[in-house]
1. Using a simple spin-label model with points 7 Å from Cα along the Cα→Cβ vector, what separation in nm is obtained for Lys186 and Ala19?
2. Taking 0.36 nm per residue of separation and subtracting the Cα-Cα distance, what length does fully extending Ala235 through Phe73 add?
3. Evaluate the relative contact order of the chain (contact order divided by residue number), counting alpha-carbon pairs under 8 angstrom at least 6 apart; express in whole percent.
4. Distance from a point 7 Å along Cα→Cβ of Asp58 to each backbone N in region 1-19: keep the residues under 17 Å and list them by number.
5. Return a single number: how many Lys pairs in the chain, at a sequence separation of 8 or more or on separate chains, have alpha-carbon atoms below 21 angstrom apart.
6. Membrane-span-like helices in the chain: DSSP H runs reaching 15 Å or more (Cα, own axis), mean Kyte hydropathy at least 0.5?
7. Restricting attention to region 147-252, which trypsin sites (Lys or Arg not before Pro) occupy a DSSP loop and are surrounded by at most 16 other Cβ atoms within 10 Å?
8. With +1 on the Cβ of every Lys and Arg and -1 on the Cβ of every Asp and Glu, and nothing else charged, how large is the dipole of region 78-135 about its Cα centre, in debye rounded to the nearest 20?
Amino acid sequence: MVAASSQGIGRAAALRFAAEGAHLALCARKEDALQELADHVRQTFGVQVYSATLDVADDASVRHFVDDVHKQFGRIDVCVTNAGGPPAKLFLETTMDEWDQAYQRNLRSIVSFAQAVLPHMQRQRWGRLVTITSMTVKQPVPNLVLSNAIRAGVLGLVRSLAGQFGPDGITVNNVGPGYTATDRLKELATRYATTAGGSGNEYFAQITKDIPLGRLAQPEEVADAIVWLASERAAYITGQTILVDGGVYRGL
Ligand code: NAD
């Protein structure tokens, strides 16, 4: 199960799981893009795909989706949570509505998925929950205060769930992407162009300067970390955050 998977990192993760032979359950808000992906996956990899259009901030829709997926496949082995990132803003520019939305999309949606899938995983005595957040969980990015603050809560949740559900054979881990070549980054470049007066290209040059590997991540490179955490090869890893940031985070 890969949430918010019609484009970007979620889409790349769905494709990597399908390449491993996994049947897929996908959801996102954009029906056309989701359908196009589902058709492509069926034709290319020959796996089953169940998809639904929904907003992950809508708790009832998420629970309904998980129920339907379980009815369809009879089990849920892996759940990857995801959602679009909050708007790029400095603290005094943020509104209370934006704080509420960031909480609902980027923290509460994970609670919705986790509460719905974990009982199935407990019965199976096996499961993998992988959250997608951001490198902001380790190092704040100046104009991403909503992300910096809300995603820290995800880490608390991940570590709590890892402790509680480890005895059931379930691992819970988090992947924090760095600057990744998706539409989200184009959105941040546009914001830079309108607020700092620079061009999108200047934004990319500026962020790349701080990346030891000297380039953006491709979404597939983040997807590979997700698929690995979901695999048997990562069986003894739980409660952890893996940054896929090209070395941006310098802390020990
Ligand atoms: P993206 O904007 O390319 O894709 C986001 C996907 O989420 C799309 O499929 C969109 O339809 C879906 N989506 C958004 N809000 C949704 C909602 N409420 N309900 C259901 N689906 C929803 O973004 P991306 O680059 O793939 O980023 C994925 C996550 O990783 C985001 O939370 C983003 O903030 C985070 N992230 C991205 C970068 C980066 O540089 N791209 C860096 C750090 C963190």
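Only the coordinates and a few stated rules stand behind these numbers; no lab work does. Given the structure is predicted, the values throughout are model-derived calculations rather than measurements. Neighbour counts run over all protein chains shown; Cβ positions are idealised from the backbone, glycine included.
1. So the label points at Lys186 and Ala19 sit 2.2 nm apart.
2. Values: separation 162, 0.36 × 162 = 58.32 nm, distance 2.29 nm.
Extending this stretch completely gives an extra 56.0 nm.
3. On the way: 452 pairs, mean separation 49.4, N = 252.
After rounding, I find 20 percent.
4. Correct set: 3-6.
5. Working: Lys30/Lys186; Lys89/Lys138; Lys89/Lys186; Lys138/Lys209; Lys186/Lys209.
So the count works out to 5.
6. On the way: long enough: 8-19 (17 Å, 0.86); 31-45 (21 Å, -0.75); 59-73 (21 Å, -0.64); 109-124 (23 Å, 0.23); 145-165 (30 Å, 1.03); 183-195 (18 Å, -0.93); 219-229 (16 Å, 0.66).
Long hydrophobic helices here: 8-19, 145-165, 219-229.
7. Values: sites: Arg151, Arg159, Arg184, Lys186, Arg191, Lys209, Arg215, Arg233, Arg250; in loops: Arg215, Arg250.
Filter output for region 147-252: Arg215, Arg250.
8. On the way: 6 positive and 4 negative charges, 102 e Å.
Using Cβ point charges on Lys, Arg, Asp and Glu, region 78-135 gives about 500 debye.
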